[in-house]
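As structure tokens, the structure follows; a few thoughts come after it.
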Amino acid sequence: MSSSLLFSTCGSVSLRPGPHVYFIWNKDCLYIGETQRSPVIRWGQHLSEGGTLFGILSESEIGSPGAIEQVLAFSAFRLDILLDECHPALIKTTTQYIEHQLHVLAALRMEAAFGRAMRVVSNTTCTAPRRCKYQWASPLYGQIFLTAANLIKSTVS
């Protein structure tokens, strides 16, 4: 792993456990995920040998050789509104819904939002809920997407 990793956060991010959506990216690829724990712990799992993102970057032809050393940035958004507004049994499902919608937006608006073509290397095939009980989730994931897109665009251009 490169010693020149850029660690950045935006939104209300802390090391405290709780619902988060997060982004990990380099100039060629983007990973979108969710966790109910601290995103920093989850990122460590992704980038450890045998981790999801480590495997994707090590085994694929994304970008140039050694893509695992080119991971540039991490960003997480703590979803405190879910703790305040969701029934406790629906917090994880609502987080997964927001994560899925971020994947949809990334697929639809990739070049316009990020200023370049990037490959989304995560997916929500197995975890995407069909619907969300809470109407406020739509503007929330839209706001998260715009904020993340601006941050990503500023680091990859």
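The values are calculated or read from the model by the stated rules, or taken from the named source; none is laboratory data. Here the structure is a predicted model, which means the values were calculated and not measured. Glycine gets a Cβ as well: all are built from the backbone with ideal geometry, and neighbour counts include every protein chain shown.
Miscellaneous remarks
- Taken over the stretch 9-37, the criterion of being modelled with pLDDT of 75 or more and among the aliphatic types (A, V, I, L, M) is satisfied by Val21, Ile24, Leu30, Ile32.
- Residue check, Arg78 surrounded by fewer than 18 Cβ atoms within 10 Å (Cβ to Cβ), out of contact with any Phe, Trp or Tyr (no Cβ under 7 Å at 6 or more places or on another chain), among the basic types (Lys, Arg) and at pLDDT below 95: no
- Filter result (under 22 Å from Asn26 (Cβ atoms) and either of a type in the set (Phe, Trp, Tyr) or crowded, with 18+ Cβ neighbours inside 10 Å (or both)) within the stretch 104-132: Leu105, Ala106, Ala113, Phe114, Met118, Val121, Ser122, Thr124
- Enumeration of residues in the stretch 14-35 that are more than 16 Å from Tyr141 (Cβ to Cβ), under 13 Å from the mean Cα position of the chain (by Cα) and not in a strand (DSSP E or B): Asn26
- Filter result for Val40 (of a type in the set (Val, Ile, Thr), modelled with pLDDT under 85 and crowded, with 17+ Cβ neighbours inside 10 Å): yes
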